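Taken together, the values in this text are just the output of simple stated rules run on the coordinates, not laboratory data. What you are looking at is a predicted structure, and each value in this text was computed from that prediction instead of being measured. Positions of Cβ are backbone-derived with ideal geometry, glycine not excepted, and every protein chain shown enters the neighbour counts.
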Amino acid sequence: MATNFNAGEKTFYLETFGCQMNVHDSEKVIGTLVQQGYQQVQEETDASLILYNTCSIRDKAEQKVFNRLNDTKALHKKGKRFAVLGCVAQQEGEKIFDRAPYVSLVSGSASYRNLPQMLARLEAGEERITGLDDRQTDQTFETEFTARSNPYRGYITIIEGCDKFCSYCVVPFTRGKERSRTADSVLAEARRMADAGYTEIQLLGQNVNSYRDPSGKMSFAELLAAVGEVAGIRRVRFTTSHPRDFTRDIVEAIDAVPTLCDHVHLPVQSGSTQVLHAMQRLYTREWYLERIAWIRAAKRSISLTTDVIVGFPGETDADFEETLTLLAEVNYDAVFAFKYSPRPNTPAISMPDSISDEVKSRRLQILLDHQRELQRISYAKHIGEIVEVMVEGHNAARGQVMGRTTQNKTLNFTTGSPILPAPGSYVQVRITGNFPNSLLGETLVGEALPGDALYSPTLPTPTEASLPKLVTIGALSA
Ligand code: SAH
Ligand code: SF4
Ligand code: F3S
């Protein structure tokens, strides 16, 4: 029997692997732990409870947690307890106890609402505690105790799980069935965040646009617009959109509501209809391109990003070539490309004509080089534009400020002033240069933008200046 925790010993270390949903789940898990009287520490050695929130999307991601457990297992002898959370936990279940017997708790994300009870059992010295709900639950993990790691930009999960079952993917098995929160609860959280000083909200879901309000009040596009209209919110992002559920009213909402960001992430996976069919994506190349045409027809210039898998079983050179031509046709602003990784439980694992790792690597490299060249040209077209960025940080050594545009592009800029704008503030920047993955710029001394709610009191009063020329530096109150 493991040692019980004493009061004062309730410290935890949590490390997160995987996607934004996992990052946000961790914020909620941390909030729950703190609510239960635990204190977060930054080193495993200082913690009585060590938690890993894991990802199993590709084999490499899954291996990370077992490597991590291996590195730290000696700490178990010092009385520390271990918990494995997230997608590897749900996927491997009790097998984790066999592989790593010093683990005391294994829980998938669909069981986090039971964390307080699981923690109480852990504290009572119980071993082999599981929360493995799989596809049974229709509940979402809603908690008031969210320890957000950023004071001005935050996530709201609006839909959990996935019912799509693409033939290569573990998510429907690790995250459970698709279930949405009510629009009212999402909007209430958005308002609470705005009241706390947040200005950017990112709505999350494995397929965010598959959202279905259980109360039937709002469509996804209507919810987007409503979040964008919450007083104090200046930017709304949403990820990840699935092409199957991408409807025209999403583009109309972006056109109508200025706070909705000029960016859509729409994973295509492959440019070949044949491969898309084998992947069970349930759309063709042409069908996907029609959605792209809707986005391109918007009044605003919406940036497009995507995910691609290379080396899916049976992918021929000609199929791969079709992916390259699709990238050129769409002209994406960023592409996240992965080598196909066979995953447990998925139909693709037993498909014939697997592609060698050598061919996968070669295709990946060709794709990345091709995309890099496309972006080098497309990013250069921004030179001369004046755009608003939200400041994210500083590079003191270079005297640069790092910000993000509404199109979700990184923009590094100089201000010509020793006082750098604070993280979370909004600044007008002129773009002066580019790399394939980022932009360069400078602020100009002039006048603040009229109507800007966040300009600093130290700057001149805004005028009707027709061309925005200056820096709006606004420190957030929160
Ligand atoms: N729901 C989103 C994707 C979520 S998973 C969608 O359907 O678009 C994030 C990305 O991981 C996917 O877009 C895909 O490109 C990649 N991915 C998923 N399973 C994979 C696998 N078995 N091998 C390689 N990449 C994979
Ligand atoms: Fe995975 Fe497909 Fe669901 Fe995306 S839609 S999470 S790729 S099964
Ligand atoms: Fe990974 Fe699970 Fe996210 S598998 S990508 S952490 S949904």
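Assorted remarks:
- For I129, distant residues with modelled amide H under 5 Å away: L105, V106
- For Q206, distant residues with modelled amide H under 5 Å away: G161
- Which listed pairs, of K28/K78; K10/K64; K64/K217; K95/K409; K95/K360, have C-alpha distances above 32 Å, in listed order: K64/K217; K95/K409
- Stretching F435 away from V257 to a fully extended chain increases their span by 61.1 nm, per 0.36 nm per residue minus the current alpha-carbon distance.
- Binning the C-alpha pair distances of segment 36-105 at 5 Å intervals from 0 yields a P(r) profile of 3, 17, 28, 26, 16, 9, 1, 0 %, listed from the shortest bin outward.
- Sorted by Cβ density within 10 Å, fewest first, the residues I201, I383, I377: I377, I383, I201
- Segment 26-92: GluC sites (Glu not before Pro) falling in loop per DSSP and having at most 10 other Cβ within 10 Å: E43
- Taking all Cα pairs closer than 8 Å and separated by 6 or more residues, the relative contact order of the chain comes to 9 percent.
- Relative to the globular-protein estimate of 2.2 N^0.38 Å, the Cα radius of gyration of segment 94-213 stands at 1.22.
- Annotation: aspartates and glutamates with alpha-carbon distance below 19 angstrom to K60 (same-chain offsets under eight excluded): E15, D71, E92, D307, D357, E358.
- Dividing the radius of gyration of the alpha carbons in segment 153-379 by their Kirkwood radius gives 0.99 for Rg/Rh.
- The simple spin-label model puts a point 7 Å past each Cα toward its Cβ; for W294 and A120 those points are separated by 4.8 nm.
- Diffusion constant of the chain at 4 °C, which comes from Stokes-Einstein with the Kirkwood Cα-pair radius and 1.567 mPa s, µm²/s: 54 µm²/s
- Value at 222 nm in deg cm²/dmol, rounded to 500, when DSSP H runs of n ≥ 4 in the chain each add -39,500 (n - 2.57): -9000 deg cm²/dmol
- With contacts taken as Cα pairs under 8 Å at a separation of at least 6 residues, segment 153-379 carries a relative contact order of 18 percent.
- The average projected area of segment 137-188, computed from the convex hull of its Cα atoms over all directions, is 4.8 nm².
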